Amino acid sequence: MSDYDFGIKLEGFSDGLAPLAHLDSRTFLGSKGQASSMRADVISNPGFIQQSPALANLTNGTQAGVVDQLIRFILDKPTASTTTFAIGTTKLFKLSSTAVTSGGSPSWPQTVTDMTEGESVIRLKANLYGFFNKASGGDILQMPLATEVIDPDWGSSNDEALEDALHPVAAKEDIMVFGNGRYVGIYVEGSSTLDVQKLDFGEGAEVADIVFNANVWYIAVNYGEGRRGQIYLYDGSAISNVLSDEAGLGNQKIGFLFVFNGIVYVAYQDNTSGAFAIGWMSGRQLKPLRYFAGSLPDHRQKTLYKNTILFVSDEDIFSCGAPVEQLSIQISDLADAGYATVGGLAAPFGTPMVASTDGSTNYRLAKFSGLSVDSNWKSLSLDVTDGRKLGKITCVIVSTQALSSGAKAELTLEGNQGILDDSDTFSITGANKIRHVFRSINLKPAQDVRVVLDSSNGHASNACPIRKIELLGNFVDR
């Protein structure tokens with residue numbers, strides 16, 4: 001006969017956060033491998049939990065180097081194998097995969113005349129274009145990639161000043177389509193005509209993002225302080241003043257659009273639930289995929305990583321998608337984004353870069369590197385009752401990959417939704433160990449338990465990938 005009455009296996013950790021984790025950090029609903037709360041990596045090694053990626057500053061990537069302001073947008077498609085560009089509040093920056101360029105001729109970073117808030121950067125043929133706001137209105141800079149000499153008022157010189165607004169931009173071949181407050185602007189490379197008010201969406205409208213997919217421009221527009229969202233479809237030639245179609249979101253605010261594998265994804269605020277969501281466009285319908293808590297990311301804060309969409313929410317970087325097609329779609333809190341105020345996020349060279357500031361004197365541009373000790377994972381709340389009997393956990397078994405020296409995670413159990421004193425803390429560690437058995441749990445009989453993993457004493461380069469956690473226990477009369 002078995003010496004325990006029940007066993008609970010936690011596995012399949014690539015499912016990420018539980019469906020209601022955005023509403024209840026101690027939720028009971030979900031699969032056994034889902035988390036009620038987390039900041040951990042479940043996409044790099046699917047099926048395992050391990051520490052989040054850490055951040056390492058790029059060379060010259062802080063105020064001690066040349067990053068003395070928040071970098072607001074990073075060009076996600078490099079202009080050369082080792083070069084991309086980013087825009088801050090007053091400067092244009094040149095980046096490689098490891099460093100922020102300093103000096104040279106012209107001297108980097110370059111101050112842009114009258115710029116107070118960079119919005120976006122894009123390459124169109126042989127030129128780089130940067131969209132920004134000024135003390136009044138906005139403008140577009142042009143920079144030939146061959147000379148890297150900036151014309152700071154190219155936009156207003158060719159048409160008129162932009163609105164002081166968001167300025168998302170997308171390009172297809174030689175056509176550039178950009179947001180300009182209530183308007184959409186158009187420019188065709190080589191043409192003498194720049195039209196910053198090609199389409200007018202009316203009073204109170206603001207273009208939130210633009211993408212190109214299947215020969216159609218998708219234009220996301222928010223109305224009335226973002227209380228209603230609309231996605232418009234516009235012919236790929238960008239000649240007509242007439243829209244092709246539209247899809248209404250109702251009382252929602254759109255954050256960004258993202259195209260991946262022929263599908264248009266949308267980040268938006270779900271005002272009916274007080275949360276945020278990632279969904280996808282199916283004809284005129286927006287179908288939600290996963291929900292998240294925090295804040296709504298915008299056009300500057302999205303990229304692709306390990307086959308999933310990364311985006312910023314509050315001070316964290318989330319992942320949504322399936323790292324392998326055969327796995328189910330997950331959403332997870334993958335990593336810390338740095339300081340409290342987060343700017344641009346991109347992965348132009350394959351490894352995500354993120355900019356942030358503490359809001360006063362400290363700035364950084366950092367990329368994923370190594371492992372973070374600021375990682376944790378918390379299971380669902382697990383019911384361990386049988387009628388009037390409570391559950392007493394007597395043994396915990398953790399299965400890992402063979403661990404390297406110094407790899408470590410710590411496990412505790414919470415009881416009765418945190419009301420009981422936590423169990424003792426158990427260290428999951430030991431070179432080449434794959435099975436870790438813990439007894440003498442020291443947790444009182446409970447109605448429910450939650451497994452908590454903490455990596456604050458973990459290793460900066462040797463991960464502790466956990467494949468399965470098994471709880472064994474007995475029922476106790478109460």
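Restricting segment 123-137 to residues that are assigned to a strand (DSSP E or B) and of a type in the set (A, V, I, L, M, F, W, C), which is surrounded by the fewest Cβ atoms within 10 Å (Cβ to Cβ)? Restricting to residues being assigned to a strand (DSSP E or B) and of a type in the set (A, V, I, L, M, F, W, C), the top hit is L124.
When you scan segment 347-445 for strands (runs of 3 or more DSSP E) that lie fully inside it, which ones turn up with 3 or more residues that are in the same structural domain as A21 (by TED's automatic domain parsing), within 13 Å of I466 (Cβ to Cβ) and β-branched (V, I, T)?
In segment 347-445, the matching strands (runs of 3 or more DSSP E) lie at 389-400.
Within segment 39-85, the residues that satisfy the criterion of being more than 17 Å from N462 (Cα to Cα), under 18 Å from the mean Cα position of the chain (by Cα) and buried (at least 24 other Cβ atoms within 10 Å of the Cβ) are I71, F73, I74.
Residue-by-condition table, conditions (1) surrounded by fewer than 22 Cβ atoms within 10 Å (Cβ to Cβ); (2) among the aliphatic types (A, V, I, L, M):
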{"position": "A277", "(1), (2)": "no, yes"}
{"position": "W280", "(1), (2)": "yes, no"}
{"position": "K287", "(1), (2)": "yes, no"}
{"position": "A293", "(1), (2)": "yes, yes"}
{"position": "H299", "(1), (2)": "no, no"}
{"position": "T303", "(1), (2)": "yes, no"}
{"position": "N307", "(1), (2)": "yes, no"}
{"position": "F318", "(1), (2)": "no, no"}
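For first residues located in segment 10-21 and on the phi > 0 side of the Ramachandran plot and in the same structural domain as L471 (by TED's automatic domain parsing), partners that are among the β-branched types (V, I, T) and surrounded by 24 or more Cβ atoms within 10 Å (Cβ to Cβ) and lie 6+ apart or on another chain with Cβ distances below 7 Å form the pairs G16/V42; G16/I331.
Selection of segment 327-348 for residues being closer than 19 Å to E119 by Cβ and surrounded by 20 or more Cβ atoms within 10 Å (Cβ to Cβ) yields V342, G343, G344, L345, A346, P348. Only one entry of S120, S36 meets the criterion of being hydroxyl-bearing (S, T, Y), in contact with a Phe, Trp or Tyr (Cβ under 6 Å, 6 or more places away or on another chain), assigned to a strand (DSSP E or B) and crowded, with 17+ Cβ neighbours inside 10 Å, and that entry is S120. When you scan segment 451-462, do you find a residue that is in contact with a Phe, Trp or Tyr (Cβ under 7 Å, 6 or more places away or on another chain), of a type outside the set (S, T, N, Q) and closer than 30 Å to S369 by Cβ, even just one? The answer is yes; a qualifying residue exists. For segment 102-115, the candidate set comprises residues that are part of a loop (DSSP other than H, G, I, E, B) and under 16 Å from Y363 (Cβ atoms); within that set, the residue that is nearest to the chain's Cα centre (by Cα) is P109. What's the total number of residues in segment 161-209 that are part of a loop (DSSP other than H, G, I, E, B) and either buried (at least 21 other Cβ atoms within 10 Å of the Cβ) or of a type in the set (G, A, S) (or both)? Count: 11.
Here's the yes/no breakdown for (1) modelled with pLDDT of 85 or more; (2) closer than 27 Å to D24 by Cα; (3) touching a Ser or Thr at 6+ places or on another chain (Cβ under 7 Å):
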| position | (1), (2), (3) |
| --- | --- |
| D235 | yes, no, yes |
| V242 | no, no, no |
| A247 | no, no, no |
| V266 | yes, yes, no |
| S273 | no, yes, no |
| P288 | yes, yes, no |
| A293 | yes, yes, no |
| T308 | yes, yes, yes |
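All conditions in (1) without any contact (Cβ under 8 Å) to a residue 12 or more places away in the chain; (2) closer than 15 Å to L371 by Cβ hold for A409, with the sole exception of (1). Scanning segment 306-346 for residues that are over 10 Å from the mean Cα position of the chain (by Cα), part of a strand (DSSP E or B) and of a type in the set (S, T, N, Q) gives Q330, T341. Scanning segment 373-392 for residues that are in contact with a Pro (Cβ under 9 Å, 6 or more places away or on another chain) and under 22 Å from V437 (Cβ atoms) yields V384, G391, K392. Within segment 269-284, residues that are assigned by TED's automatic domain parsing to the domain that holds L249 and under 16 Å from H299 (Cβ atoms) sit with their Cβ atoms under 6 Å from residues that are in a loop (DSSP other than H, G, I, E, B) and of a type outside the set (S, T, N, Q), at 6+ positions apart or across chains, in these pairs: Q269/L296; F276/L296. So for segment 351-358 (the condition being without any contact (Cβ under 8 Å) to a residue 60 or more places away in the chain and small (G, A, S)), does at least one residue qualify? No: zero hits.
The values are calculated or read from the model by the stated rules, or taken from the named source; none is laboratory data. Just so you know, these numbers come straight off a predicted model, no measurement behind them. Cβ: placed from backbone, ideal geometry, glycine included. Neighbour counts: every protein chain shown.
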